[in-house]
Structure formats: C-alpha cells, structure tokens
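Q: First, the structure itself, so that you have it in front of you.
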Amino acid sequence: MSEQKSSRIGGFYKLSREERLDAVKDVSGLAQEDLDRLLSTESLPFELADRLVENAVSSFGVPLGIATNMLVDGRDVLVPMATEESSVIAAASNAARQCRDSGGFHTSLSATEMIAQIQVLGLSDPWAGRAKILERKSEIAQICNGCDPMLVKLGGGFRDLQVRVLPSSRGSMVVTHIIVDTKDAMGANAVNTMAERLAPTLASWTGGRHHLRILSNLADRRLARARAVWPKDAIGGTEIVDAMLDAAEFAEVDPYRAATHNKGIMNGISSVALATGNDTRAIEAGAHAYAATSGAYRPLSHYEKTAEGDLAGSIELPLALGLVGGATKVHPMAQVCLKILGVQNVVEFSGIVAAVGLAQNFAALKALATVGIQKGHMTLHAQNVAIAAGATGEEIAQVAAELARRGEVRGDVAETVLAEIRAKT
Ligand code: MEV
C-alpha cells in the first residue's frame, strides 16, 4: 500500500487550478482520466442527464471545491464539496486544521440499517393485528430477503421488525417497520421493494387494508457520530472557548437558533452528499427530524469544556448515504469525488461526512462568537455582487475591493462603482 500523504496543504487557496489538482492527485492518487474529468467543463454528459430525470434540457453547474486538513480516524482525507455558498469550504478546512494536533476527528456509525414503513388500516382490533404480525417475523424475513438475494449475498438483508399502533383522527393504524441492513447502499429501492411486496401479506394476516409502503427518512438506525477536541491554545484561548460555549448553548435552549445552527452543519454535510451523487433531501429530512425527536427542535451537535479547558465538540445525526446505486454509481463526477475521498465502505464515508458537519459547525460558532460571520463572507460575496452588477475580468476584483472598502456590499453600489471604474478607463 502506498504511503498516505497529508491532507494538510497550506495555502491551497493560493494555488492555481492546475496546482490544486496536482496536490489532490498527490494525496488521493487520482488517475489522469479523473483529472481530465475534473478539468472538463462537461461534468455530466447530456445523455446521462436525460436518463437521470425527465424532460431534461441541460445540466446545472455548482462549484466543486476541496476541503483540506481533515484527519478522520487517523486517516488524512481530502473532502470534495459541491456548494454555491462562499466561505463553506474554507471554513471546514480551517476548523479541521485547528483540531489536527489533538488527533482530528473520531467517528462511528450505529449500523447500516434502513427502515421501511407499511401502513395497515381498517382494523377493529389493531393490537391483535400487531401481535399477529410480530408472530410471523421469520416469514417476513423470508419475503423481504427474497426480494434482494444479492443484498443478502453481500451480508445485508432483513434484520428486525417493529409494529406500532398509532391512534389517529381516522382510526387506529397499524404501522409495521421492517429494518433492513442495506450495507453500502442508501437502500431506498431495496426497502421500498420489500415493503411493497410484503404489504398485501400483512393485510391478509390481519384482515386490514394495506395503504402506504415507503421508507422512512428518519434513518435512526444509521446514526453517524463524530467528535473532536480543539485545544484552547489552537483557537485563541479560554475566552474563545467560553464564547463558543455560550454560542452553542443558545442553540440548546432556542429552536430559532437551533435551526440556524443545524443549517450551518448541513452546509458541510449536503455539500459532500451532493458531490458524491447522494440524495441531499433525504439527508436533510433525516437530520431535521432527528433534531426534533425529543419533542423540541434541538441542535445536532454539542460542546463541552474538557478537564484541560479545551473545547470538545460532538455530533450525531442520521446519514442515509450510499456508495453504490443511484446517481452515485452513474454520475462520473460523483465517482471521481469518491476516489478523492478514498473510502472503502459506507461506515468510513459516513464518519467523514459527520466530521465535515462538525467542522462546519465549529467554524460558524467560532466566527459568530468572535468577529461575526460577515467578515469572512464578504470577500467572496462582494465578488458575486460585482459579477451580478456586470463586472468582468479584472473589474470583478476592483469592484469587490471598493465595495469592501466602503463597507457597502450591495448591488446598487456595485453598479455605481463599476460605472466609475469604466468612466476612468
Ligand atoms: C450560514 O450559511 C450558516 C450559519 O448561519 C450557521 C450558524 O449560524 O451557525 C453561519
């Protein structure tokens, strides 16, 4: 096995595009065809776009960047992130740098199981119906596993059964959960097929009527966790540790703040999910539902002070990620991004993604608790405003610099500044 190269690449942002790609190749061992793919302007051939969705007319570009400095479970990893939001990739890289010396991120995944739900209606004796379903667990296992022999061959398949009776304004529903180990697949197709196949049998056993048959995005059998310690000296001292703890505590006690806190986490997580062709909406839905399972909407991450006075952060959320199947398998850019990550299985992959979420959250809290978020945002944002006002080439940097100098990063000001620059030349 080749020696693992460090993901700590100082001044990555100052390199040219070619130099950045060289560095990525060096760490991730990409082949020339992967680099060509990254250099090509056509990240998604139209024939493929046309097969992925209906009524396709083109594909939609989003910037793809690389977060550096990530050390996850002792492995140096470069993380591809697809996002239109400025500062996100730099923030994750900075946060990762500040916890490298204390060992980086440590992660775990609870299991690789997904849940599918089958709703049975119309029972006058729902509790008896529940009992009848639970009695036939081994037959249910057989029906489910029969739908996907390949998954079973790979070590996955049916794992467990839960049956709930849910009172509702339209009468009691009997809701069966089949719990299926989908291994390295996100598993939506596998579990939905099983649920559809099983539903009529459940209806006939209970005498009820089967209705919905669909996976649950509250994938709490696939909980990814990450933790890291940021030494006080690496982040500016005890005052900053305390300021960040006050910032994190705000999210613990207020859902208005928790929503924004978690949005920052998802800035990182959704970017990696998108770059790897995963279903970002499934992951977002799971994360926010999990944040609310206590009955109140809570933050997905928590911060404490260690005995040494350092800042310990941890995160836990459902991550229904896949390495095989869906767009991940067919999207050529997603394939290159997975090569950059160099992950062997979904356990490793989920750990990295959870770590990126925590890094993103740390960076936002630190900025918010110190200089505020606008300072970092404004440089790139000013450039976007300049472009929107019509600036091109060198004008972009000139207009952006002037907007920053005036402290007025607005479209109308950008138009005035651009007109002034053009009048002078
Ligand atoms: C902006 O996209 C994300 C933040 O609002 C997150 C947060 O407030 O924690 C900065």
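Q: Give me the extension gain from residue 196 to residue 40: residue separation times 0.36 nm, minus the current Cα-Cα distance, reported in nm with one decimal.
A: 52.0 nm
Q: Taking only DSSP H segments of four or more residues, each worth -39500 (n - 2.57), what value at 222 nm results for the chain once the sum is divided by all its residues, to the nearest 500 deg cm²/dmol?
A: That calculation yields -16000 deg cm²/dmol at 222 nm.
Q: Between beta-carbons, use under 14 Å as the cut-off and find the net charge around residue 306, counting Lys and Arg +1, Asp and Glu -1.
A: For residues surrounding residue 306, the net value is -2.
Q: Calculate, for the chain, the solvent-accessible area per residue in square angstrom, rolling a 1.4 angstrom probe over the heavy atoms of the protein chains.
A: Details: 20440 Å² over 425 residues.
Solvent-accessible surface per residue comes out at 48 Å².
Q: So if we plug the beta-carbon distance of residue 143 and residue 245 into 1/(1 + (r/R0)^6) with R0 = 45 Å, what FRET efficiency do we get, rounded to 0.05? Numbers along the way, then the final one.
A: Working: r = 51 Å, r/R0 = 1.13.
E(calc), rounded to 0.05, equals 0.30.
Q: What does the charge count near residue 112 come to, summing +1 for each Lys or Arg and -1 for each Asp or Glu among other residues with Cβ under 9 Å from its Cβ?
A: Spelling it out: positives minus negatives among the neighbours equals 0.
Q: What ³J(HN,Hα) values, in whole Hz, does the Karplus curve 6.51 cos²θ - 1.76 cosθ + 1.60 give for segment 347-364 when θ = phi - 60°, with x put for Gly and Pro?
A: For segment 347-364, the Karplus curve yields 5, 5, 4, 5, x, 5, 5, 5, 5, 5, x, 5, 4, 4, 5, 4, 4, 5 Hz.
Q: Evaluate E = 1/(1 + (r/R0)^6) for residue 189 and residue 345, where r is the Cβ-Cβ distance and R0 equals 22 Å; express this FRET efficiency to the nearest 0.05.
A: For R0 = 22 Å, the calculated efficiency reads 0.70.
Q: Just the number, please: carbon plus sulfur as a percent of the accessible area of the chain, 1.4 Å probe, no ligands or DNA/RNA counted.
A: 52
Q: Under 21 Å from the Cα of residue 153, which lysines turn up, not counting those fewer than eight places away in the same chain?
A: Partners within reach: 137, 183, 329.
Q: Highest first, please rank the peptides 215-221, 113-119, 90-96, 55-61 by the mean number of other Cβ atoms sitting within 10 Å of their residues. If you can, show how the numbers build up before the last one.
A: On the way: 215-221: 21.3, 113-119: 23.0, 90-96: 25.1, 55-61: 9.9.
Top to bottom by mean Cβ count within 10 Å: 90-96, 113-119, 215-221, 55-61.
Q: What full-extension length gain, to one decimal in nm, is calculated for residue 253 and residue 371 as 0.36 nm per residue of separation minus the Cα-Cα distance?
A: Full extension of this stretch gives 40.2 nm more.
Q: A follow-up question, please. Just how far, in whole angstrom, is segment 245-322 from segment 34-48 if you go by their alpha carbon centroids?
A: If we compute the Cα centre of each part, the gap is 32 Å.
Q: Let me ask something else about it. Name the residue from 15, 117, 99 whose Cα lies farthest towards the positive end of the charge dipole of the chain, charges +1 on Cβ of Lys and Arg and -1 on Cβ of Asp and Glu.
A: About the Cα centre, the residue reaching furthest to the positive side is 117.
Q: What FRET efficiency would be calculated for the residue pair residue 53, residue 204, taking the C-beta separation as r and a Förster radius of 41 Å, to the nearest 0.05?
A: 0.65
Q: Here's a follow-up. Among the lysines, which have Cα under 18 Å from the Cα of residue 25 when same-chain residues fewer than 8 positions away are ignored?
A: Reachable lysines: 5, 14, 339.
Q: If you don't mind, there's one more thing I want to ask. What size of dipole, in debye to the nearest 20, comes out for the chain about its Cα centre when the only charges are +1 on Lys and Arg C-beta atoms and -1 on Asp and Glu C-beta atoms?
A: About 1040 debye.
Q: Quote the relative contact order of the chain in percent (integer), defining contacts as alpha-carbon pairs under 8 Å separated by 6+ residues.
A: Relative contact order of the chain: 18 percent.
Q: Using a Gaussian network for the chain with springs between C-alpha atoms less than 10 Å apart, which of these wobbles most: 155, 103, 208?
A: Among 155, 103, 208, the largest GNM mean-square fluctuation belongs to 155.
Q: Which value, in debye to the nearest 20, describes the size of the charge dipole of segment 375-424 about its Cα centre when Lys and Arg Cβ atoms bear +1, Asp and Glu Cβ atoms bear -1, and nothing else is charged?
A: About 140 debye.
The values are calculated or read from the model by the stated rules, or taken from the named source; none is laboratory data. These numbers come from a predicted model, not from an experiment. Neighbour counts are summed over all protein chains in view; Cβ atoms, including those assigned to glycine, are modelled from backbone coordinates with ideal geometry. Areas reflect the complete protein model, heavy atoms only, side chains present, ligands, DNA and RNA absent. Shrake-Rupley method; radii C 1.70, N 1.55, O 1.52, S 1.80 Å.
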